[in-house]
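The values are calculated or read from the model by the stated rules, or taken from the named source; none is laboratory data. The structure presented is a predicted model; accordingly, all values stated were derived computationally and were not measured. Note that each Cβ is placed from the backbone with ideal geometry, even for glycine, and that neighbours are counted across all protein chains shown. Just so you know, the surface numbers come from the protein's heavy atoms only, side chains and all, with ligands and any DNA or RNA stripped out. Shrake-Rupley method; radii C 1.70, N 1.55, O 1.52, S 1.80 Å.
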Amino acid sequence: MTAYYLSFEKPIEEIEKSIAELRESHSGNREVDFSIEIDELEKKREYLIKTIYENLTPWQVTQVARHPERPIFSDYQKQLFDDFLEIHGDRLFRDDPAIVTGFARIGNEKFVIVGEDKGKDTKEKIRRNFGMPNPEGYRKAMRAMRLAEKFKKPILSLIDTAGAYPGIEGEERGQAEAIARSLFEMSGLKTPIISLVIGEGGSGGALAIAVADRVLMLQNSIYSVISPESCASILWRDAGLAERAAEALKMTGPNLLKLKVIEEIIPEPMGGAHRDTAATMKNVRTSVLRHLAELKRISTPKLIQKRYERFRRLGAFEIVK
Amino acid sequence: MAWFLKPKYNIKKGLHNPVQDGLWHKCPTCNSMIYSKDWEENFKVCPNCDFHDKLNAFERIQSLIDPGTFIETNNNIVSVNPLDFNDGKIRYELKVHEAMEKTMLKEAVVIGHGKLNGLSVQLAVMDFSFLGGSMGSVVGEKITLAIEEAIKHKRTMIIFSASGGARMHEGILSLMQMAKTSAALKRLSDAGGFFISVLTNPTTGGVTASFAMLGDIIISEPDALIGFAGPRVIEQTIRQKLPPGFQRAAFLQDHGFVDIIVRRKEMKKTLYELINYTH
Ligand SMILES: [Zn+2]
């Protein structure tokens, strides 16, 4: 059971409540056996979750990607990494808690980690600016990534942001320059880079740490040039039409795979990552290690060349006479 | 209009509207009336208040490149509708078609090469009148092609930016153009090439957060609006009014993100000097 249900999860909520009630009376009353009823409801619950989650609309995927109980960076830190040593600061201005950097082990592999962290509770969310980095966040990430290059360690970036923060101070300190510099430098870093969208891949704020050899997405994550709300308010002056915009923007895994923007969709347990964090981590671990093994077989000059070509060919146009 | 700003022409001659007649141009900033021919010859800079109005791509090229030396390339690359995008009123490819007819351009950027006081330069000039200078696949591809040509022929790369950001209608593919153009500039830089980025009013969003901010030298025209987020988005986010001059050229120079603010009249000379100093 989760504590928070999305609007389209109402039938699941009802059935889970019934199951919980039955269980309670079952434990309080040894004379009557409810186990058959419970079994049946469990089967119904499983079926419901399956049918709902196999047919999610892009807008529903967006809601799952932003689900308050969805695993965020700190969960990966605890459950995907076998250990983690955080490093702080951009050496220029301050430490931006919206981006976390450090060293981690996954199995036998050592990584340099860059990840956007939205924060768990209200206090953390505020401290981490809801995962919306300022320029110093991207500059810290770049510093960590240069260390990775220097010590020949692969980079794993975990993406989960509504976007780079649009504020006065960010503009004063060069938000645009920080993102641009990151795109520029990442394209030439002489070490394998794997990026994984774990929730929201919000525009330039996501791409800034995703110029990678492999870009992966969790099944119920999104990656887009603009949020569906902003798109709707620009096109139709009504953020309430976000559902329609989510449809039009083609921001979910299958579309992005078709457009060759990502290499792989990592499956989530039935009912979304928030229903089984451990199973999610297992899938991520397998996929990341497999991609790294493949990348390690490629020579560095070839890796850089392939990374260039990967982004070079993205785009759709026509050549007319 | 205040009485002292009234145009200096004889109103007794008739009731015609001088602006509509096309003989006079009214400066949108100081409202002074400028003889249209002077306005064009001055490359749309107000002689009274120094307001720099938007130039279209070919006016810009004319203001910089030695006459008869500009060779446009790749103007046969045109947009498609990769997401099958339809805003409910108009399909994206028709929107592009309308922009083509309105501007007589194929896309929001013109690329090519030519001579600047005899020096060979590779040029990419954005045009705000084409869908707000937004960057989709074609803009990204053409800028990248221009950069690759600059590497191949060892030419100085000059990009004039004017853009509201990424082209939403191409979704994620427009975002990817930021990475593509930035990666090409990394190659140019590694090859020892010289890149001058010139920011004109306005340059915001995905263009600023990619190639526009990656110049070895970054120039801005006076008072150009330059930013990552647009001022309206920032105001909505922080729920307060922005200070005057925020995100204007002088603000960016004060904060260390623009090397030189150059008036349009001095642009060609300044570019020439920069190329000379570095070669
Ligand atoms: Zn004026």
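In the condition set (1) within 13 Å of another protein chain (Cβ to nearest Cβ); (2) open to solvent by 10 Å² or more (accessible area, probe 1.4 Å); (3) in contact (Cβ under 8 Å) with a residue 40 or more places away in the chain, B:PHE246 is compliant with all but (3).
The set of residues in the stretch B:117-141 being assigned to a strand (DSSP E or B) and surrounded by fewer than 21 Cβ atoms within 10 Å (Cβ to Cβ) consists of B:LEU119, B:SER120. Residue-level analysis places B:THR144 among those that are hydroxyl-bearing (Ser, Thr, Tyr), crowded, with 18+ Cβ neighbours inside 10 Å, out of contact with any Phe, Trp or Tyr (no Cβ under 6 Å at 6 or more places or on another chain) and modelled with pLDDT of 95 or more. Determine whether B:GLY114 is open to solvent by less than 10 Å² (accessible area, probe 1.4 Å) and in a helix (DSSP H, G or I). Spelling it out, it is not the case that B:GLY114 is open to solvent by less than 10 Å² (accessible area, probe 1.4 Å) and in a helix (DSSP H, G or I). In the stretch B:228-279, counting only helices (runs of 4 or more DSSP H) that sit wholly within it, the ones holding 1 or more residues that are small (Gly, Ala, Ser) span B:249-254. Could you go through the stretch B:213-231 and let me know if any residue there is under 22 Å from A:ARG313 (Cα atoms), touching a residue at least 40 places away in the same chain (Cβ under 8 Å) and out of contact with any His (no Cβ under 6 Å at 6 or more places or on another chain). There is no residue in the stretch B:213-231 that is under 22 Å from A:ARG313 (Cα atoms), touching a residue at least 40 places away in the same chain (Cβ under 8 Å) and out of contact with any His (no Cβ under 6 Å at 6 or more places or on another chain). Residue count for the stretch B:11-58, restricted to those that are at pLDDT 95 or above, open to solvent by less than 50 Å² (accessible area, probe 1.4 Å) and more than 12 Å from the ligand (Cβ to nearest atom): 2. Any residue in the stretch B:171-185 that is within 13 Å of chain A (Cβ to nearest Cβ) and open to solvent by 20 Å² or more (accessible area, probe 1.4 Å)? Scanning the stretch B:171-185 turns up no residue that is within 13 Å of chain A (Cβ to nearest Cβ) and open to solvent by 20 Å² or more (accessible area, probe 1.4 Å). Against the list (1) more than 20 Å from B:ILE159 (Cα to Cα); (2) at pLDDT 90 or above; (3) away from the ligand (no atom under 16 Å from the Cβ); (4) more than 13 Å from chain A (Cβ to nearest Cβ), the condition B:SER63 fails is (1).
The sole residue among A:GLN77, A:GLN63 that is within 21 Å of A:PRO267 (Cα to Cα) and either aromatic (Phe, Trp, Tyr) or open to solvent by less than 50 Å² (accessible area, probe 1.4 Å) (or both) is A:GLN63. Scanning the stretch A:91-107 for residues that are under 18 Å from the mean Cα position of the chain (by Cα) and open to solvent by 10 Å² or more (accessible area, probe 1.4 Å) turns up at least one hit.
May I ask you to verify whether A:ARG312 is touching a helix residue (DSSP H, G or I) at 6+ places or on another chain (Cβ under 9 Å) and within 14 Å of chain B (Cβ to nearest Cβ)? It is true that A:ARG312 is touching a helix residue (DSSP H, G or I) at 6+ places or on another chain (Cβ under 9 Å) and within 14 Å of chain B (Cβ to nearest Cβ). At least 1 residues being within 15 Å of the chain's Cα centre (by Cα) is the threshold, and among the helices (runs of 4 or more DSSP H) wholly inside the stretch A:245-321 those reaching it are A:253-258, A:277-296. Of all residues in the stretch A:175-194, those satisfying the criterion of being open to solvent by less than 10 Å² (accessible area, probe 1.4 Å), more than 7 Å from every other protein chain (Cβ to nearest Cβ) and within 25 Å of A:ARG94 (Cβ to Cβ) are A:ALA178, A:SER182, A:MET186, A:LEU189. Here A:ASP160 meets each of (1) within 22 Å of the chain's Cα centre (by Cα); (2) within 11 Å of another protein chain (Cβ to nearest Cβ); (3) closer than 25 Å to A:ARG127 by Cβ; (4) buried (at least 24 other Cβ atoms within 10 Å of the Cβ) with one exception, condition (2).
Can you confirm whether B:GLU72 is modelled with pLDDT of 95 or more and open to solvent by 40 Å² or more (accessible area, probe 1.4 Å)? Yes; evaluated as a whole, the condition is true for this residue. For B:ASP66, the conditions (1) open to solvent by 20 Å² or more (accessible area, probe 1.4 Å); (2) not assigned by TED's automatic domain parsing to the domain that holds B:GLY133 all hold with the exception of (2).
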